[in-house]
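The values are calculated or read from the model by the stated rules, or taken from the named source; none is laboratory data. Note that the structure is a prediction, hence the values are computed from the model and not measured. Cβ atoms come from the backbone with ideal geometry, glycine included; neighbour counts cover every protein chain shown. To get the accessible areas, we keep the full protein, side chains included, count just its heavy atoms, and leave off ligands, DNA and RNA. Shrake-Rupley method; radii C 1.70, N 1.55, O 1.52, S 1.80 Å.
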Amino acid sequence: MVLRSAVSSLSSLCCFHRPATTSIISLRLLHSFYEDLAGVNVLDSEIKQDSNSGRRDQVINFEAFVTDLCQSSYVCYEDALGLFNQMVELRPTPSIYTFNLVLKAIYSSKQYPTVVSLYRKMVSIGITPDKYTLTVLLHCYCHLNFVDMGFAVFGCRLKWGYAPDTVIFTSLIKGLCSGGRMVDATRLLEWMRELGCPPDVITYGFVINGFCRSAKTAMALGLLREMEQLGCKPNVIAYNMVVDRLSKDGSVNVAMGLLQEMTHKSISPDVTTYSSLIHGLCLSGNHKEATRLFYRMMRQGILPNVITYNVLMHALCKEGMAREGHGLLFVMIRKGEMPNKESYNTLMVGYCSVGKVDVAVKLFDSLVTKDFELDVVSYNALISGFCCSGRINEAVKLFEKMLRKGLEPTAIHYTTLMHGFFEVGRVEEAQALFNEMVDKGISPDIVTYNSLVHGLCDLGSMKKGKEFLHDMVDKGISPNVVTYSSLIHGYCNLGQLQEASRVFGEMVDKKILPDVLTFNILMTGLCKERKTKEARRLFQMMIQRGNEPDRVTYHILIDGYFLAGEIDDAIILFDSMLARGLTHDVISYTTLIGGYCKNRRIDKAVRVFKEMSQKGLKATVVTYSTLLGGLCQSGRVEAARNLLNEMVSQGISPNVITYNSMIHGLCSSDLCEEAREFFNDMVDRGISPDVITYNHLIYAYFISCQWEKASKCLLEMMVHRICPNVTTFNILMDALCKKGKVGEAHAFFVRMTYIGEKPDTMSYNTLMNGYSLAGQVDDAIKVFHSMLANGPVPDFVTYHVLISGYCKTKRIDEALRFIQEMNHKGLKPTTSVYNMLLYGLWEAGKVEDAQNLFNEMVPDVVTYNTMINGLCKRELLLEATRLFTEMEEKGCLPNTVTFNTMVHGFCQNNEIHNAMKFLQKMAERDIPPDTCTVSIIVDLLSKVEKHRELKELLKFFPKHYGDVTSVSSLISSIKGHLMFGEEFGTVKQSSDRSIE
């Protein structure tokens, strides 16, 4: 009795005084107590007991000690493991109940593998488990995702006669759901009900969570309804899981319905409910409704946590409302919720996205003062901001500072910096950064490679871009839709639509499904080249493949139709948006207004503008700027002034883009003085002109040959410290080249490079064209070699200029070499280039080569005209006539030039009858004459000897053309060449009647 009392007292003392963290002390106490048990002096009355009985008492006392210790909840993993090791050494062995207590303690410490190991040790020394042992083991297997082993234990329980309960089934269902085995989990749930073991709210919760995690929202919602039907009332946790999944899936309206349902059923929504709904509203772009729900939550006394605030701040920043997001940060602090690093990182990204990098820098510095430990995310937020705003040098400095702080850069940091270098055209540094990344052992991922491919292709370096594509494939990284879209974008920018289409086909062949962006990129390229039929076919393919067009798709194609002058098709497509569930927004109407303005349908544009206002859509600064530009281009200056005043009265301030649009419109209509008036108005309003403003004025002055005003404008630009850009220099060079001052143009080219402005492809093309026009082809070639050495990629125009120069100087072999080079670089020569070469071959007397080239071509009307002209000049009139007939048979309609060439050829060969036959055909086909036609007829009349033939010729000529200018010119010419008196008067009267 004394011994048992001592043990009990010692156990109580240990359990009462021992802190939870002093496991070593408890182990020492345990060992001390065990030694005391072994060496204690027993009373004389107890000496009579045998040794086996004494050992049993020791074990009983030890079991009591372990029970008290375990039930006190103070035992930790190390203590429990020590107890287990002592227990297996005791003889007789302690009861399974004691072992279960220790295993449970280790299980509570989440040391599931240890429990499994200890169980096996127990069995190996002959300790028979009971149902509680098996239950703990089953739970451990499920936690370890070895649910099949859990089912094996479940089978043992059944075999040994232990009936399953809800807890056992719940554990198995949890394991199945964790492994994504939702079908098995659902079957087990049904089996539970069949066995009369009803699932509880926790069981249902695991299955609902499993369905939500696997994005089977309808199944989760159905299970929520089933719970209620079977009498198991869902709790707030069950509702929260479904609300969260619905919100992430974009079904916010359904989720909001569940919120109302919870209120009706007296299930109080908590901060998690509202946070999920706010997140869902933000994901759908409805940040206003999210804000309203946020304040409704607060009115109901549910305090938002830092996650709620961060979600709403992220949404506001994403919408470009960083300032409003910052205000939310202050609300958070006032309400006693402390922001975390994510809060500040979100704001930094938000400010950087709207160009307010300096505010982001202040936030970054405030993180340091608030003792936040800056991480790589914080640094990357600001590095990205610097890169996006073109402040690449500051980005590099911050990156180096991060390295000095001992923070390891990731692929994200390198990718961000590379993107920044590409944005400012520093290609070599971007590639050097990639090499540094690889040298440091940081493996580039698909995002890194995509950034490289996009950057290079965007700058026209298609060859380098494809090299990195092959490199990523060699390293086992499969290109994705972004990779191929970047290649397509690059080829479209260069006007190489055939290559872009080839890459698109290759992408589809490799089972890489194009997305809406891919289609939009290719359609943009086609529409720029006015290939609306091909763009429309692509649009139909997009729908057939299940890629639902978005508003951007429609806007691209509508704009393309307007660009091609196909206004009716643009309107039909605009109206068809509604049929596909896409309502017309401000951008849709702005696109329509812009299209009408481009086609000089300004009255239509004004009507659409009014219609938009009537539908409650508020015009933006872009809408006003577009219409103002159209009005100015149409010369309606007063209407533009009135609209500008209306814009200001509506609270929309005009910006530099607004004025640039108006000035550009006026300049394109040769209204330079009115453009200057708007320029002065712009300055009076405190809006500073930019380089684009001055470029419009300078270009207009040059076009109208107002050289002095152009020079004055350029000087004014320099006085205001607005540095000319590459476009400014290109305008100056083009004007000088057209005046034949190619030497002065070259001086400006050198000046441009001297001030650090990098010439682009157009700069080189302009200078080469100037030299070619001056007949200095060798100098043009020198510029071409300089272009190859300095980086800008030659485009179609480059080769067109050089081939044209060679053909004009009859250096056909060099022209052919450039044709081959074009093909080698994937720049397939167009028919116009081949026509130029064909003309050069005829001029050089290479008739056979010209014929061979013609046979390889897909001819157009210019091709046929060139061939017919060459044949006629060599008096091969029979072949020319045959080619004329072939031309018509192949659906290539002859034009005025074709007929002029044939008539002139027959006249030169004195075949007057055949010449008049072609004039007759020309009249019958309603082909309009030009001054060349009149000149040919005058020459023909001088050769006609019979009055009857003259009369017949003049009879049908005015009848079919009715062109007063041409007929008057004809009669005037006849007066100067022929003296027919009365006969002429008869002809004149006939002509006058025909004109009437």
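Kirkwood hydrodynamic radius (Cα pairs, Å) of segment 253-337?
On the way: mean 1/r = 0.0768 Å⁻¹.
This gives a value of 13.0 Å.
Suppose R0 equals 30 Å. What FRET efficiency, 1/(1 + (r/R0)^6) with r the Cβ-Cβ distance, do Ser576 and Thr830 give to the nearest 0.05?
After rounding, the FRET efficiency stands at 0.40.
How far is helix 602-614 tilted off the main Cα axis of the chain, in degrees rounded to 10, range 0 to 90?
Helix 602-614 sits at roughly 30 degrees to that axis.
Accessible area per residue, 1.4 Å probe, Å², for the chain: what's the number? Present the calculation step by step, with values, prior to reporting the outcome.
Values: 49610 Å² over 996 residues.
I get 50 Å² per residue for the chain.
When only the heavy atoms of the protein chains count and the probe is 1.4 Å, how do Leu802, Leu403, Leu578 rank by accessible area, highest first?
Details: Leu802 0, Leu403 60, Leu578 100 Å².
Correct descending sequence by accessible area is Leu578, Leu403, Leu802.
Leaving ligands, DNA and RNA out of it, rank Leu230, Leu312 by accessible area with a 1.4 Å probe, largest first. Please list the in-between numbers first.
Numbers: Leu230 95, Leu312 0 Å².
Putting Leu230, Leu312 in descending order of accessible area: Leu230, Leu312.
In segment 692-746, carbon and sulfur make up what percent of the accessible area (probe 1.4 Å)? Kindly include the intermediate steps, with their values, before the conclusion.
Numbers: 1720 of 2810 Å².
Summing carbon and sulfur atoms, their accessible area is 61 percent of the total for segment 692-746.
Roughly what angle does helix 446-458 make with the longest principal axis of the chain, taking Cα atoms, 0 to 90 degrees, to the nearest 10?
Between helix and principal axis, roughly 10 degrees.
Normalising by the residue count of the chain, find the relative contact order in percent from Cα pairs under 8 Å and 6+ residues apart. Please list the in-between numbers first.
On the way: 1191 pairs, mean separation 27.6, N = 996.
The value is 3 percent.
Quick one: dipole size for segment 718-806, taken about the Cα centre, charges +1 on Lys/Arg Cβ and -1 on Asp/Glu Cβ, in debye to the nearest 20. Let's see the in-between values first.
Values: 7 positive and 7 negative charges, 51 e Å.
Approximately 240 debye in magnitude.
Once you have the Cα-Cα distance between Asn393 and Ser613, take 0.36 nm times their residue separation minus that, and quote the gain in nm to one decimal. It would help to have the intermediate numbers written out before the result.
Values: separation 220, 0.36 × 220 = 79.20 nm, distance 4.59 nm.
Difference between extended and current length: 74.6 nm.
Compute the Cα gyration tensor for segment 701-763, then decide on rounded, prolate or oblate, letting a ≥ b ≥ c be the square roots of its eigenvalues: rounded whenever a/c is under 1.5, prolate when a/b is larger than b/c in the other cases, and oblate in all that remain. Spell out each step's value before the answer.
Values: a/c = 1.90, a/b = 1.04, b/c = 1.83.
Judged from the Cα gyration tensor, segment 701-763 comes out oblate (a/c at least 1.5, b/c at or above a/b).
Quick check: from the Cα gyration tensor, does segment 589-687 come out rounded (a/c under 1.5), prolate or oblate?
In terms of gyration-tensor shape, oblate.
Could you sort Arg157, Arg91, Arg636 by accessible area so the largest value comes first, with the probe set to 1.4 Å?
Arg91, Arg636, Arg157
To the nearest 10 square angstrom, what accessible area does Ile96 show with a 1.4 Å probe?
Estimated to the nearest 10 Å², Ile96 gives 40 Å².
Over all directions, how big on average is the projection of the convex hull of the alpha-carbon atoms in the chain, in square nanometres? Before the final figure, lay out each step's value.
Values: hull surface 242.9 nm².
Here the figure is 60.7 nm², rounded to one decimal.
Which of the residue pairs Lys318/Lys356; Lys463/Lys828; Lys248/Lys318 have a Cα-Cα distance greater than 20 Å in the structure shown?
Numbers: Lys318/Lys356 14 Å; Lys463/Lys828 16 Å; Lys248/Lys318 17 Å.
Correct reply: none exceed it.
List, in the order given, every pair from Lys405/Lys464; Lys370/Lys401; Lys131/Lys159; Lys739/Lys782; Lys362/Lys758 whose Cα-Cα distance in the structure shown is over 23 Å. Mind showing how you got there, number by number?
Values: Lys405/Lys464 35 Å; Lys370/Lys401 19 Å; Lys131/Lys159 11 Å; Lys739/Lys782 21 Å; Lys362/Lys758 34 Å.
Too far apart for the 23 Å limit: Lys405/Lys464; Lys362/Lys758.
Find, to one decimal place in angstroms, the Kirkwood hydrodynamic radius of segment 158-296, where the mean of 1/r is taken over every pair of different Cα atoms and then inverted.
On the way: mean 1/r = 0.0632 Å⁻¹.
It is 15.8 Å.
Taking a spot 7 Å from the Cα of Lys463 along the direction of its beta carbon, which residues of segment 742-768 have an amide N less than 20 Å from it?
Output list for this probe position: 759-765.
On the protein heavy atoms, probe 1.4 angstrom, tell me the percent of accessible surface of segment 391-494 carried by carbon and sulfur. Write out the running numbers ahead of the final one.
Numbers: 2520 of 4820 Å².
Carbon with sulfur: 52 percent of the solvent-accessible area.
Run through all the Cα pairs of segment 110-187 and give the fraction in each 5 Å bin from 0, expressed as whole percent.
Reading upward from the zero bin: 3, 16, 27, 25, 17, 8, 3, 1.
In whole percent, and with a 1.4 Å probe on the protein chains, what portion of the accessible area of segment 748-787 is carbon and sulfur? Please list the in-between numbers first.
Working: 1040 of 1930 Å².
Carbon with sulfur: 54 percent of the solvent-accessible area.
Considering Cα pairs under 8 angstrom that are at least six residues apart, work out the relative contact order of segment 124-246 and quote it in whole percent. Mind showing how you got there, number by number?
On the way: 129 pairs, mean separation 23.1, N = 123.
Across segment 124-246, relative contact order equals 19 percent.
I want to verify the translational diffusion coefficient of segment 712-807 in µm²/s; compute it with Stokes-Einstein, Rh as the Kirkwood radius over Cα pairs, at 4 °C and 1.567 mPa s. Please list the in-between numbers first.
Values: Rh = 13.5 Å.
The calculation lands on 96 µm²/s.
For segment 785-924, treating each Cα as an identical point scatterer without solvent, what Debye log10 I(q)/I(0) comes out at q = 0.10, 0.11, 0.17 1/Å?
These q points yield log10 I(q)/I(0) values of -0.39, -0.47, -0.91.
Which residues among segment 286-328 fall inside the zone where the amide N is under 16 Å from a point 7 Å beyond the Cα of Glu342, along Cα→Cβ?
Only 304-318 fall inside the zone, counting backbone N under 16 Å.
For segment 391-437, with equal point scatterers placed on the C-alpha atoms only and solvent neglected, what are the log10 I(q)/I(0) values from the Debye formula at q = 0.18, 0.20, 0.29 1/Å, to two decimals?
-0.49, -0.61, -1.16
Give the aspartates and glutamates whose C-alpha is closer than 20 Å to that of Lys104, dropping any in the same chain fewer than 8 places away, or say none.
Output for Lys104: Glu63, Asp68, Glu78, Asp79, Glu89, Asp130, Asp165.
Taking Cα centroids, how far is segment 865-923 from segment 504-530 in Å?
Taking the Cα centre of each part, segment 865-923 and segment 504-530 sit 44 Å apart.
Using alpha carbons only, how many degrees (0 to 90, rounded to 10) separate the axis of helix 586-598 from the longest principal axis of the chain?
Roughly 10 degrees between the two axes.
In terms of Cα to Cα distance under 29 Å, which lysines are near enough to Lys604, apart from those fewer than 8 places away along the same chain?
In chain and number order, the partners are Lys528, Lys531, Lys533, Lys615, Lys618.
Rounded, prolate or oblate: which fits segment 826-908, taking a ≥ b ≥ c as square roots of the Cα gyration tensor eigenvalues, rounded meaning a/c under 1.5, else prolate when a/b beats b/c? Each step should come with its number before you reach the end.
Details: a/c = 1.95, a/b = 1.35, b/c = 1.44.
Taking the square roots of the gyration eigenvalues as a ≥ b ≥ c, segment 826-908 is oblate.
Roughly how compact is segment 606-759, stated as its Cα Rg over 2.2 N^0.38 Å to two decimals?
Values: Rg = 17.4 Å, N = 154, 2.2 N^0.38 = 14.9 Å.
That works out to 1.17 for segment 606-759.
Tell me the label-point distance for the pair Leu303, Lys846, using the 7 Å Cα-to-Cβ offset, in nm and rounded to one decimal.
Taking the simple label geometry, Leu303 and Lys846 are separated by 8.7 nm.
Add -39500 (n - 2.57) for each DSSP H run of 4 or more in the chain, then divide by its residues: what number comes out at 222 nm, to the nearest 500 deg cm²/dmol?
Values: 57 runs with 744 residues, N = 996.
Helix-only estimate at 222 nm: -23500 deg cm²/dmol.
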